[in-house]
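Written below as structure tokens is the structure these notes are about.
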Protein chains: 2
Amino acid sequence: MIGVIRVLTTTNTEVLEQHGNIIANRYGVPVMSRCIPDQPLGIFNDETEQAAAPKIVALGRSLEAEGCKLLVISCAADPAIKQLRDNVSIPVVGAGSAASHMALSIGKKVGVMGITDEVPAVMKNLLGDLLVNSIRPEGVTNTTDLMTPAGREKATEAARKLMEQGTEVIVFACTGFSTIGLADVLRKELGVIVIDAVEAEGLFASALYRQLSNERSAV
Amino acid sequence: MIGVIRVLTTTNTEVLEQHGNIIANRYGVPVMSRCIPDQPLGIFNDETEQAAAPKIVALGRSLEAEGCKLLVISCAADPAIKQLRDNVSIPVVGAGSAASHMALSIGKKVGVMGITDEVPAVMKNLLGDLLVNSIRPEGVTNTTDLMTPAGREKATEAARKLMEQGTEVIVFACTGFSTIGLADVLRKELGVIVIDAVEAEGLFASALYRQLSNERSAV
């Protein structure tokens, strides 16, 4: 089992399992999704990231105790990833670093799209010189804003702008883009390579999970 | 089609297609394998790497012209990867960088196993502080040496030594290990995570190929 850590609090099973379902459906691996307590709005600044850190560590430890072979912190900021890695023996994959490593593997110029004005530090540090620009779709500050046709149009416009400025690969710095299927929209409409953070964490997690579970049958 | 560039010259189709077959079988993507001319011994020092560089670029360009959507330089040293990327418009994945990025995605201490005493520069640079040690199995200077039971025993011994010295993940710095299936031997005998360079390049290449070919069916 892969343990998927959601860094926002929800009692809605559908919401809780959104990322895990993408991973399970796309890569055919078993997942178990859990969320941290008492943060219904998730992580959106330094203070909420600090508040979440010990909860992420505690949740990861309990998922390891429940038998998970690998953990995923399903957030583009990789919150508390170092602390969690120091506190469990199983591998920990983060959405932000996974997406960055996947982009780095082809060495093309990266434009980051997110719902905040700042690129998460982990992504900025990893991407280095390959990061040529970043953007937040106009008027979008949360993923709900993207769920309308107008929101999707704003996102497509933002992607087009990144490409005009030299971006060869668009990397998502928000896992919310995954749940609305934005990557496929941009791939289809603009013919651009898109690295989706949930797809990327799932790619690494599933490949590693297969060897850890001795389930190395055809992928 | 994914174009797989072999950096040694062979007229033996089975040898030529060894890496491509691993990628096609494991990830279910179509591949086309080609080798550079006039280097039957491949790349084994700076001089042969320099001699190979223009051939790799020419081969990559012709594979792009033949319709390949993505190229793989199937060698752990990523020879001529920058030059090739500068000369084609399609993405280029290298075995050494792919294996390194996959290892980096879980942040565990890396030990590199190869058949030379030096870790390829691209891997050393990418792995940075996570690279804690490296080893060449005793008496092994080419992959043929590993094909005997005695050779496999030497490789297992070397892996055990890496683990005793703090390695948490073994990364192969030689694609020849892939063709003899060494990763599964070490995973099974030592329960260690092994990043195989051909598996890693195939993981990235297949995921990216799927979006480039609009063939994003279930993986």
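Observations on the model:
- Any hit, region B:132-145, residues being under 23 Å from A:Ile90 (Cβ atoms) and more than 14 Å from chain A (Cβ to nearest Cβ): yes
- Of the residues screened, A:Pro54 is one that is outside the structural domain of A:Leu127 (by TED's automatic domain parsing), more than 16 Å from A:Leu208 (Cβ to Cβ) and at pLDDT 95 or above.
- Of all residues in region A:1-47, those satisfying the criterion of being charged (D, E, K, R) and closer than 30 Å to A:Gln211 by Cα are A:Arg6, A:Glu14, A:Glu17, A:Arg26, A:Arg34.
- Boolean, B:Glu14 is within 24 Å of B:Ser89 (Cα to Cα) and either in contact with a strand residue (DSSP E or B) (Cβ under 7 Å, 6 or more places away or on another chain) or in the same structural domain as B:Pro91 (by TED's automatic domain parsing) (or both): no
- For region B:55-66, the count of residues that are open to solvent by 10 Å² or more (accessible area, probe 1.4 Å) and β-branched (Val, Ile, Thr) is nonzero.
- Some residue of region A:39-48 being within 27 Å of B:Gly191 (Cα to Cα) and open to solvent by 10 Å² or more (accessible area, probe 1.4 Å): no
- Top-ranked residue in region B:2-51 [being of a type outside the set (D, E, K, R) and at positive phi; ranked as modelled with the lowest pLDDT]: B:Gly42
- Candidate set from region B:201-219 (those that are among the charged types (D, E, K, R) and within 11 Å of another protein chain (Cβ to nearest Cβ)); member that is least open to solvent (accessible area, probe 1.4 Å): B:Glu201
- Of all the numbered requirements in (1) modelled with pLDDT of 95 or more; (2) not assigned by TED's automatic domain parsing to the domain that holds B:Arg6, B:Glu64 misses one, and that requirement is (2).
- Failed item, numbered, when B:Ser213 is tested on (1) outside the structural domain of B:Arg26 (by TED's automatic domain parsing); (2) modelled with pLDDT under 95; (3) of a type outside the set (A, V, I, L, M): (1)
- Any hit, region B:127-139, residues being in contact (Cβ under 8 Å) with a residue 40 or more places away in the chain and either in contact with a Gly (Cβ under 9 Å, 6 or more places away or on another chain) or not assigned by TED's automatic domain parsing to the domain that holds B:Gln50 (or both): yes
- Taken over region A:171-185, the criterion of being closer than 18 Å to B:Arg210 by Cα and free of Cβ contacts under 8 Å to residues at least 60 places away in the same chain is satisfied by A:Gly181, A:Leu182, A:Ala183, A:Asp184, A:Val185.
- Filter result for B:Asn25 (surrounded by fewer than 16 Cβ atoms within 10 Å (Cβ to Cβ), within 20 Å of B:Ile195 (Cα to Cα) and under 18 Å from the mean Cα position of the chain (by Cα)): yes
- Residue ranges of helices (runs of 4 or more DSSP H) in region B:1-103 with at least 2 members under 28 Å from A:Ala99 (Cα atoms) and away from chain A (no Cβ under 14 Å): B:18-27, B:46-65
The values are calculated or read from the model by the stated rules, or taken from the named source; none is laboratory data. Quick caveat: nothing in here was measured; it's all calculated off a predicted structure. Methodologically, a virtual Cβ is constructed for each residue, glycine included, from the backbone with ideal geometry; neighbour enumeration extends over all protein chains shown. Side chains included, ligands, DNA and RNA excluded: accessible areas come from the protein's heavy atoms. Shrake-Rupley method; radii C 1.70, N 1.55, O 1.52, S 1.80 Å.
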